[in-house]
Structures are given as C-alpha cells and as structure tokens.
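We did not get these values from a lab; they are worked out from the coordinates using the rules stated. Computed from a predicted structure; not experimentally measured. Glycine gets a Cβ as well: all are built from the backbone with ideal geometry, and neighbour counts include every protein chain shown.
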Amino acid sequence: MTEVVTTLSEEVFNQLQKEPFVLLHTIDADSGSPTSSAISWIYAPNDSTLRFAIDGRSRLSANMTANAAVSVTVFAPSAVQTVYGKAKLVTDALEDVPFKLVCFDIEIEVIRDAMFYGARLSSLPQYEKTYDLRAAEKLDGQVFAAMKKA
C-alpha cells in the first residue's frame, strides 16, 4: 500500500515561495465539469497549507463557493505533484491592493505524484508578464504582502 503524503516536501515548499506557475483545478459551478486555470499569486505559509489570491469576480471564485473541492498542480525542479484539498475563504477583500482580490487557503488532504512513470521534469515552466514590468512587480509585492497579513 502506498503511503499517504499530506505535507509538502522541502523541494515543493521552496518552489511555492517563488511566485510559481501552478494550475488550479476547480469544479465548474454551472456544468459540474472540471476546470483548470494557471495562477501565480500562490505560496505555502507552511508545509500543510497553500494560500492564493484571485480576482473576486472570477469564475474560479464562484466555482469554489459552490464546491470547495480543489486541486493544485505544482511544478518543482524534478517533480510534478498535485495537491488536493478544500478551498476555504480567508478574506473577500485583500487590504492595500488596488482592486478586489479574494484570498483562499487549501488545507492539504493528500499530495500525489502527477508525473508519468519513468520520467522527471527536466525544466520548470516559465512565463513572462506582458504588461508594464514595474507595475507588475509593484502589484505582486502588494498582493503577496496582503496575503501574508490575511
């Protein structure tokens, strides 16, 4: 029998301190179908919790309000893991952020290896911001500071 993993490894925890690219999976509130969205305003305050911020008007927020079951696919230096849990609203308005962002926590229920057998990740997914980099850096700083205070 496979051991159930409920806490982040040091490697994955460290990756979640760097504004990573992750995939957030929710259940669509209208259709009941699975959905996936890329997010980067996410971090791990400890090895058993993920915290993230999204636009309060987004479909993701409605989905998690209707059904709290979520998963997050994390790409670490040599691994792809999916974290499963229930999303819990921390605040419906992050302070000191110029627009309405909601903040959720996921208490980790289980973590599964999501990489196919016989392979490892050879490089991390990368993304680039397509708007004013100074504005992006300022906003990212505001969002992460607010999430840490929430």
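List of remarks:
- Computed over the Cα atoms of the range 110-150, the ratio of the radius of gyration to the Kirkwood radius (Rg/Rh) comes to 1.19.
- Enclosed volume per residue, in Å³, of the convex hull spanned by Cα atoms of the range 1-62: 106
- Translational diffusion coefficient (Stokes-Einstein; Kirkwood radius from C-alpha pairs) of the range 38-87 at 25 °C, 0.890 mPa s, in µm²/s: 204
- Over all Cα atoms in the chain, the spread is summed up by Rg and Dmax: 15.3, 50 Å.
- Lys/Arg +1, Asp/Glu -1 at C-beta; the chain dipole; positive extreme among M115, V72, F21: F21
- Proximity of backbone amide H atoms, modeled 1.01 Å from N, is registered between A68 and no other residue at under 5 Å, excluding neighbours fewer than 5 places apart on the same chain.
- The range 78-150 shape via C-alpha gyration tensor axes, a/c threshold 1.5: oblate
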